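Structure first, commentary second.
The values are calculated or read from the model by the stated rules, or taken from the named source; none is laboratory data. Keep in mind the model is a prediction, meaning the values are calculated, not measured. Positions of Cβ are backbone-derived with ideal geometry, glycine not excepted, and every protein chain shown enters the neighbour counts.
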Amino acid sequence: MNNLSHRLCVAPMMDWTDRHCRFFLRLVSPRAFLYTEMVTTGALVHGDVAHHLDFDPGEHPLALQLGGSDPQALAHCARLGEAWGYDEINLNVGCPSERVQTGSFGACLMADPALVADCVKAMRDAV
């Protein structure tokens, strides 16, 4: 993954930063760093990978935000994101949504820094 310097980023937002929103945002700012909606590891491991990962090349620079707490699943999904051509793979440890926390990811991960470290290490080692 490249080391990127971001002056303007559009945060990942569930139910908002889909490919249509990112297309519009790219029209507004050709250099903004964009994020996908958070994609759970379960959605990628058990679901339609292309549905979740496809994007238009004009969306670059673009980060894939993953949600999960299983280091091996996150590593697998990070490899998928890299193979799909994302500029950055991001782990969601900030979303306060109750929807997210019931799945043991998002902001509730900050209560377990050792697990976060294991997750990040697995992702870094994978890509």
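Couple of notes before you dig in:
- Test: Leu62 is within 16 Å of the chain's Cα centre (by Cα) and under 18 Å from Val127 (Cα atoms): yes
- Pairing residues of the range 26-51 that are surrounded by 15 or more Cβ atoms within 10 Å (Cβ to Cβ) with residues that are of a type in the set (S, T, N, Q) and modelled with pLDDT of 90 or more, at Cβ distances under 6 Å and at least 6 apart in sequence or on separate chains, gives Tyr35/Gln65; Thr36/Gln65; Met38/Gln65; Met38/Asn92.
- Members of the range 33-48 found to be closer than 16 Å to Ala78 by Cβ, of a type outside the set (S, T, N, Q) and assigned to a strand (DSSP E or B), listed by number: Tyr35, Met38, Val39
- Count - residues of the range 78-127 that are farther than 19 Å from Met14 by Cβ and of a type in the set (S, T, N, Q): 0
- Neighbours by Cβ (under 7 Å, 6+ apart or cross-chain): first from the range 107-124, on the phi < 0 side of the Ramachandran plot; second among the charged types (D, E, K, R) and surrounded by fewer than 16 Cβ atoms within 10 Å (Cβ to Cβ): none
- Positions within the range 104-123 being touching a helix residue (DSSP H, G or I) at 6+ places or on another chain (Cβ under 8 Å) and exposed (fewer than 15 other Cβ atoms within 10 Å of the Cβ), in sequence order: Ala107, Met110, Lys121
- For the criterion of being in contact (Cβ under 8 Å) with a residue 24 or more places away in the chain, under 11 Å from the mean Cα position of the chain (by Cα) and surrounded by 14 or more Cβ atoms within 10 Å (Cβ to Cβ), Leu80 fails.
- Gly42 meets the stated requirement of being at pLDDT 90 or above, over 16 Å from Val127 (Cα atoms) and of a type outside the set (A, V, I, L, M, F, W, C).
- Failed item, numbered, when Asp15 is tested on (1) without any contact (Cβ under 8 Å) to a residue 60 or more places away in the chain; (2) at negative phi: (2)
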